Amino acid sequence: MRRRATGVALAVLATVSFAGPAPAQETMSAEALAQYITGNRYTGVNPETGAPVGTVTYGADGSSTLTLAGGEPQEGSWRLDGDAYCTRYAAFRDNTENCFRLEPAEDGRAQAYYTDGRRALLLVPAP
């Protein structure tokens, strides 16, 4: 009986842990982040479902183009802010700026985290 109670307690703890902010990540430095983002195109993937959410292209001039799955391209901007990058799109998220840090992953992918630690999309290099 004690084993079962311990197993249930661990399952509850794991659920609570995933619901809160992600643990501290080994994120990209400002230099690595600039190299990863500047002039590149990525598909944003929902890390929980693996479903593509859209694509984004980060221009070397600070411009960006976001195309959500099944939607029209939206012009916006991006900028570096230390070891984070920030994006803004007039027709997405009420024109608010959102900032992210990136944790390197396999095959040129990177897991994005909001600067408060919440997990965001997985960035996958796009053709």
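The values are calculated or read from the model by the stated rules, or taken from the named source; none is laboratory data. On a predicted model such as this, the values are computed, not experimentally measured, just so you know. Quick reminder, even Gly has a Cβ in these numbers, built from the backbone with ideal geometry, and neighbours come from all protein chains shown. For the accessible areas, the whole protein counts, side chains as well, though only heavy atoms, and no ligand, DNA or RNA atoms are used. Shrake-Rupley method; radii C 1.70, N 1.55, O 1.52, S 1.80 Å.
Some notes on this structure:
- Residues in segment 90-98 include at least one that is in contact with a strand residue (DSSP E or B) (Cβ under 6 Å, 6 or more places away or on another chain), closer than 23 Å to residue 27 by Cα and of a type outside the set (Asp, Glu).
- Which listed residue is in contact with a Cys (Cβ under 9 Å, 6 or more places away or on another chain) and of a type outside the set (Ser, Thr, Tyr), from 84, 60, 69: 84
- Test result for residue 117, at pLDDT below 90, more than 21 Å from residue 127 (Cα to Cα), out of contact with any helix residue (DSSP H, G or I) (no Cβ under 6 Å at 6 or more places or on another chain) and open to solvent by less than 50 Å² (accessible area, probe 1.4 Å): no
- Any hit, segment 64-84, residues being on the phi < 0 side of the Ramachandran plot, β-branched (Val, Ile, Thr) and within 13 Å of the chain's Cα centre (by Cα): no
- Test: residue in segment 120-127 that is under 18 Å from residue 31 (Cα atoms), in contact with a helix residue (DSSP H, G or I) (Cβ under 8 Å, 6 or more places away or on another chain) and open to solvent by 40 Å² or more (accessible area, probe 1.4 Å): no
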